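What follows is one structure encoded as structure tokens, with my remarks underneath.
The values are calculated or read from the model by the stated rules, or taken from the named source; none is laboratory data. Here the structure is a predicted model, which is why all the values come from computation and not from measurement. Glycine also receives a Cβ, built like all others from the backbone with ideal geometry; neighbour counts cover every protein chain displayed.
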Amino acid sequence: MRELWPFLKLFRRHALRMAFGALLMLVTLLAGIGLLGVSGWFITGSALAGLGLLGGAAFNIFTPSAAIRAAALIRTGGRYAERLVNHEATFRLLADLRRWLFARAIPLDAGQIARLTGGDLLTRLTADIDALDNLYLRVVAPSMVAVIAAIAVLVPLGWIDPAVALTTAALMLVSGLLVPALAARLGAGAGADMVGIGARLRSHAVDGVQGLADLRAFAAEARQGAAIAQETDGLIARQRRMSSITGLSSALSLMAAGGAVWLALFLTTGQAGEDRLDGPLIALVVFLVMALFEATAPLPLAYQFLGRTKAAARRLTEIADMQPRVGDPEHPVPVPDRHDLMFDGISFGYGKPVLDDLRLHLPEGRTAVLLGPSGSGKSTLAQLALRLIDPDTGSVTLGGVDLRSLRQEDLHSRIAYVSQNTHLFAADIRDNLLIARPGATNDELWDALETVDLADFVESLPNGILTWVGENGVLLSGGQARRLSLARALLKDAPVMILDEPTEGLDTATEAVVMQALRPKMAGRTVLLITHRESLVTSSDLVWRMEEV
């Protein structure tokens with residue numbers, strides 16, 4: 001259970017709500033047990049009284065009928081309230097878990113995040129966290145309720161018939177302890193496999209959708225489809241095994257419950273007619289025993305999937321345990337007024353060297369064009385300038401101050417960055433622009449669009465600047481999305497601009513128009529323009545060329 005302990009500690013924030021939900025669960029269960037027991041006693045007593053078999057004793061029908069109505073109302077209302085409270089607590093807990101995971105994932109650098117594919121990261125944030133709802137809602141709370149309910153019923157039952165209480169307690173241990181332990185042991189491997197297979201299946205599906213154009217271009221759809229089919233078959237096989245385990249544990253639980261009922265009936269019927277047990281009381285005892293096993297009924301299935309919950313917890317802990325390699329200093333210094341960039345003796349590598357003893361100086365207010373083939377380290381240089389990663393050796397300075405001495409938030413407030421894969425959110429054009437500067441006016445928004453030669457296109461849209469762009473800008477062409485990201489960078493109005501392939505996806509004519517409009521906007525700023533296009537060298541102050549190490 002050590003895998004689950006960090007997550008159990010997160011429950012403390014919702015302890016009161018969870019305790020109230022568990023109390024409602026207990027009240028509902030006890031009301032159901034009482035309803036069945038009193039109903040059995042009442043119906044049997046009524047039948048015997050009608051046949052005149054209860055002797056001269058008067059049979060009171062009002063008190064038990066009122067108790068039955070009260071139990072029915074409590075059970076119905078308690079069930080509704082319990083579901084409401086417990087699901088509210090569970091949803092709040094899952095929301096906290098997602099915030100907790102985001103808080104630990106955000107500080108990780110690009111190299112650490114790169115270990116996770118988009119589909120796998122999505123699975124950890126959704127399916128793996130959702131699997132943890134099994135912990136409170138189906139394991140912790142029902143287990144506690146089953147123990148309390150057993151004590152609450154078996155102690156009074158012991159006063160009526162100790163033998164029945166003892167045999168029922170023994171069979172409850174079988175149903176509530178041994179069968180769940182067996183189900184947990186049998187389901188551990190299949191449950192863990194389901195988490196791993198599900199993660200790979202989602203990764204294949206996401207990669208298949210996002211890379212569909214490339215898959216078609218290289219005639220690799222069949223291979224991707226075969227990988228998805230293989231994982232699907234594996235998942236179905238584990239689901240079948242889990243169904244078999246569910247059937248076995250259900251059968252064993254029913255056998256224990258049935259055995260307890262038959263033993264109760266056997267032990268009590270021999271005492272019929274004695275002062276201590278009459279016919280209605282025998283019915284009460286038998287029906288209480290029958291209803292009591294409702295407390296242990298959900299436990300085998302819950303513990304059967306505990307292996308899946310543990311596997312999901314381990315996958316989440318992998319991210320939570322990653323130590324950020326880039327963090328804010330304990331005593332940050334103010335951001336300098338100067339904005340020249342210096343790369344001094346920089347070496348960096350992802351397993352193999354990417355940059356080796358690199359020395360570059362970009363003076364304030366100048367524009368440098370960085371040329372080089374893919375894989376030569378151009379984008380790595382941009383990430384170093386933003387301190388998304390730290391160099392293995394050497395230092396990067398802004399205005400003579402080492403970036404490691406600055407708060408990341410302060411540094412990023414001075415830099416406008418357009419990456420190769422700038423994200424556009426599933427929102428309208430206006431909202432995507434306002435991310436850069438929430439207080440920007442409409443005139444400023446349209447000026448930015450005009451600069452990147454996008455204003456006429458936006459005006460031609462039915463909803464204009466309020467047009468929805470879709471997930472990651474899917475409703476825009478590649479060139480339009482690129483220009484929108486450029487407009488967003490301009491709106492930030494930062495003294496330093498880092499533009500990584502800013503004209504990717506643009507034809508030569510559009511590129512010339514955009515760059516001509518951009519140059520006045522870049523005047524006075526420190527600009528690092530990363531590209532593989534020789535045409536962007538024109539009018540730059542510095543030109544750097546990089547080669548693979």
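Residues of region 495-534 being closer than 30 Å to D357 by Cβ and polar (S, T, N, Q), which ones? Let's see the steps before the verdict.
Start the filter on region 495-534 by keeping residues that are closer than 30 Å to D357 by Cβ, which leaves 495-502, 504, 522, 525-534.
Passing the criteria: T526, T531.
May I ask you to say which residue of L362, L355 is modelled with pLDDT of 90 or more and under 22 Å from S419 (Cβ atoms)?
L362
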Of the residues that make up region 427-439, is at least one out of contact with any Gly (no Cβ under 9 Å at 6 or more places or on another chain) and in contact (Cβ under 8 Å) with a residue 60 or more places away in the chain?
no
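For region 486-501, what are the residues that are assigned to a helix (DSSP H, G or I) and closer than 10 Å to A436 by Cα?
Residues of region 486-501 that are assigned to a helix (DSSP H, G or I), as a first pass: 486-492.
If the condition is that a residue be assigned to a helix (DSSP H, G or I) and closer than 10 Å to A436 by Cα, then A487, R488, A489, L490, L491, K492 are the ones that fit.
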Going residue by residue through region 176-186, is there one that turns out to be more than 17 Å from A297 (Cα to Cα) and not basic (K, R)?
yes
Log entry, pairs with first residue in region 1-30 being within 30 Å of G77 (Cβ to Cβ), second being of a type in the set (D, E, K, R) and not in a helix (DSSP H, G or I), beta carbons closer than 7 Å, six or more apart or on different chains, reads L29/E294
Listed by first then second residue, the pairs whose first member lies in region 197-222 and is assigned by TED's automatic domain parsing to the domain that holds T126, whose partner is of a type in the set (F, W, Y) and modelled with pLDDT under 85, with beta carbons under 8 Å and at least 6 positions apart or on separate chains, are none
Hey, can you tell me all the residues within region 432-466 that are among the β-branched types (V, I, T) and under 26 Å from A509 (Cα atoms)?
T451, V452, V458, I465
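Restricting region 502-531 to residues that are outside any helix (DSSP H, G or I) and among the polar types (S, T, N, Q), which is modelled with the lowest pLDDT? Don't jump to the end; show me each part of the working.
So in region 502-531, the residues outside any helix (DSSP H, G or I) come out as 502-507, 523-531.
This time we only want the ones that are among the polar types (S, T, N, Q), so: 503, 526, 531.
Details: T503: 82, T526: 92, T531: 85.
Only one residue tops the list, namely T503.
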Return the residues of region 3-42 that are more than 23 Å from R83 (Cβ to Cβ) and touching a Pro at 6+ places or on another chain (Cβ under 9 Å); say none if nothing qualifies.
V38, S39, G40, W41, F42
Going through region 390-423 one residue at a time, which ones are closer than 15 Å to T380 by Cβ, crowded, with 17+ Cβ neighbours inside 10 Å and either touching a residue at least 24 places away in the same chain (Cβ under 8 Å) or touching a Gly at 6+ places or on another chain (Cβ under 6 Å) (or both)?
D390, P391, G394, V396, Y417, S419
Among the numbered criteria (1) surrounded by fewer than 16 Cβ atoms within 10 Å (Cβ to Cβ); (2) within 16 Å of S419 (Cβ to Cβ); (3) not acidic (D, E), which single criterion is violated by S485?
(1)
Which residue, of G439, G473, G464, is surrounded by 17 or more Cβ atoms within 10 Å (Cβ to Cβ) and under 36 Å from the mean Cα position of the chain (by Cα)?
G473
